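Taking it in order: structure first as structure tokens, then the write-up.
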Amino acid sequence: MIKKEAEILKCEDLIIDIQRIWNVQAKVIPVIPGVTGTVSESLIHYLSNIPGKQEIQGTAHILQKVLM
């Protein structure tokens with residue numbers, strides 16, 4: 001997952017195109033779920049840049065809520 005995050009963060013051309021076309025500031029936030037629904041620990045850092053409340057629920061958490 002970490003390698004894929006680094007790969008996505010290198011998408012400078014995408015960011016530049018979005019900023020130019022929509023006339024906005026843009027950031028790429030990589031969300032790479034693992035096979036079991038896990039996400040990297042750095043996702044919390046990335047989500048802190050977005051205003052409002054974000055909730056991260058992986059497959060394990062969802063299954064636990066359903067089965068308990």
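The values are calculated or read from the model by the stated rules, or taken from the named source; none is laboratory data. Being a predicted model, the structure only gives us computed values, none of them experimental. Methodologically, a virtual Cβ is constructed for each residue, glycine included, from the backbone with ideal geometry; neighbour enumeration extends over all protein chains shown.
When the stretch 1-22 is filtered for residues that are closer than 19 Å to PRO33 by Cα, of a type in the set (A, V, I, L, M) and either modelled with pLDDT of 85 or more or not in a helix (DSSP H, G or I) (or both), only MET1 remains. With the requirement that a residue be modelled with pLDDT of 75 or more, farther than 20 Å from LYS3 by Cβ, surrounded by 11 or more Cβ atoms within 10 Å (Cβ to Cβ) and of a type in the set (Val, Ile, Thr), what does the stretch 23-68 give you? None - no residue of the stretch 23-68 is modelled with pLDDT of 75 or more, farther than 20 Å from LYS3 by Cβ, surrounded by 11 or more Cβ atoms within 10 Å (Cβ to Cβ) and of a type in the set (Val, Ile, Thr), so the list stays empty.
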